[in-house]
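The values are calculated or read from the model by the stated rules, or taken from the named source; none is laboratory data. Since the model is a prediction, treat every value here as computed from it, not as a measurement. Cβ atoms come from the backbone with ideal geometry, glycine included; neighbour counts cover every protein chain shown.
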Amino acid sequence: MNTSVRNSGRLLAAALRALLVLTVVCGVLYPLAVTGVAQTLFRDKANGSEITSDGKVVGSSLIGQSYHLPKQNPDDPDEAARPDPRWFHGRPAGGLGSNSVNTQYSLILSGATNRSGDNEELLQWVKDAKAAVVADNSTATYRVSPADVPADAVTSSGSGLDPHISPEYARLQIHRVAERNQLDADRVEKLVEKHTDGRILGFIGEPRVNVLELNIALRELLG
């Protein structure tokens with residue numbers, strides 16, 4: 001009986017020592033080491049790839065933002081958001097719907113539509129989005145052809161929060177943005193070219209434009 005108690009006591013003491021050592025190593029030393037390396041070598045990425053403007057954080061280069069006009073009736077939850085024609089717009093961002101749990105914040109839940117390519121509802125969404133892109137971006141001197149509307153202008157990404165658009169979609173919006181801001185279209189086109197990123201290492205991915213960074217540059221151009 002005494003031997004059994006002593007053995008149990010030794011096992012319990014060993015378990016407590018292991019718990020203490022693993023807590024210090026895994027719960028203190030390892031997180032501090034990882035945080036130190038991240039803050040030293042990858043500070044921007046470790047802090048969320050923040051984008052600043054006028055000394056203030058305005059967003060992240062990893063998360064898309066919407067540019068909508070104020071609601072005509074703020075108390076109507078069913079009122080559709082209207083895109084602000086002065087700015088470049090990102091991809092459709094329906095995701096999994098809107099936040100209905102904590103209504104203090106106006107959030108879009110990240111996620112895809114989860115509909116197959118032949119889903120009738122999805123096809124109708126694409127047709128409606130394409131018609132809206134043509135109508136919204138056509139001006140008195142420039143007519144958008146439906147054949148020129150790229151896929152990313154009418155479909156959301158897997159997360160629904162893609163911060164990038166294709167250069168083709170950005171160029172399609174140039175005339176509308178220029179007209180609404182009373183700018184020369186050539187100046188806006190040069191702005192798009194300046195903020196077009198090529199393939200990573202020259203062969204990974206596709207050329208892309210970060211919409212938030214482009215709109216910040218547009219605001220600076222407007223003074």
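Data for the structure
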{"read-out": "Within the range 118-213, helices (runs of 4 or more DSSP H) holding 1 or more residues that are among the β-branched types (V, I, T) and either free of Cβ contacts under 8 Å to residues at least 24 places away in the same chain or not assigned by TED's automatic domain parsing to the domain that holds S66 (or both)", "value": "120-137, 174-180"}
{"read-out": "Residue list for the range 51-65, restricted to those being surrounded by 13 or more Cβ atoms within 10 Å (Cβ to Cβ) and at negative phi", "value": "I51, S53, V58, S60, S61, L62, I63, G64, Q65"}
{"read-out": "Sole exception among (1) of a type in the set (S, T, Y); (2) at pLDDT 95 or above; (3) touching a His at 6+ places or on another chain (Cβ under 8 Å) for Y169, by number", "value": "(3)"}
{"read-out": "Set T23, T40, T3: member being modelled with pLDDT of 95 or more and either in a helix (DSSP H, G or I) or among the hydroxyl-bearing types (S, T, Y) (or both)", "value": "T23"}
{"read-out": "Set D197, D148: member being surrounded by 13 or more Cβ atoms within 10 Å (Cβ to Cβ) and either over 22 Å from the mean Cα position of the chain (by Cα) or of a type in the set (F, W, Y) (or both)", "value": "D148"}
{"read-out": "Residue under evaluation S106, criteria (1) farther than 23 Å from H195 by Cα; (2) of a type in the set (S, T, N, Q); (3) modelled with pLDDT of 90 or more, criterion not met", "value": "(3)"}
{"read-out": "Meets criteria (at negative phi, in the same structural domain as N137 (by TED's automatic domain parsing) and touching a Lys or Arg at 6+ places or on another chain (Cβ under 7 Å)) for H68", "value": "yes"}
{"read-out": "First in the range 69-95 and within 17 Å of V154 (Cα to Cα), second anywhere and of a type in the set (A, V, I, L, M) and modelled with pLDDT under 80, Cβ under 7 Å, 6 or more apart", "value": "A93/I108; G95/I108; G95/L109"}
{"read-out": "Subset tally (residues that are within 13 Å of A93 (Cα to Cα) and in contact with a Lys or Arg (Cβ under 6 Å, 6 or more places away or on another chain)) for the range 115-156", "value": "3"}
{"read-out": "Total residues in the range 43-57, condition in contact with a Leu (Cβ under 7 Å, 6 or more places away or on another chain) and not in a strand (DSSP E or B)", "value": "1"}
{"read-out": "Odd one out for Q124 among (1) surrounded by fewer than 15 Cβ atoms within 10 Å (Cβ to Cβ); (2) polar (S, T, N, Q); (3) at pLDDT below 90", "value": "(3)"}
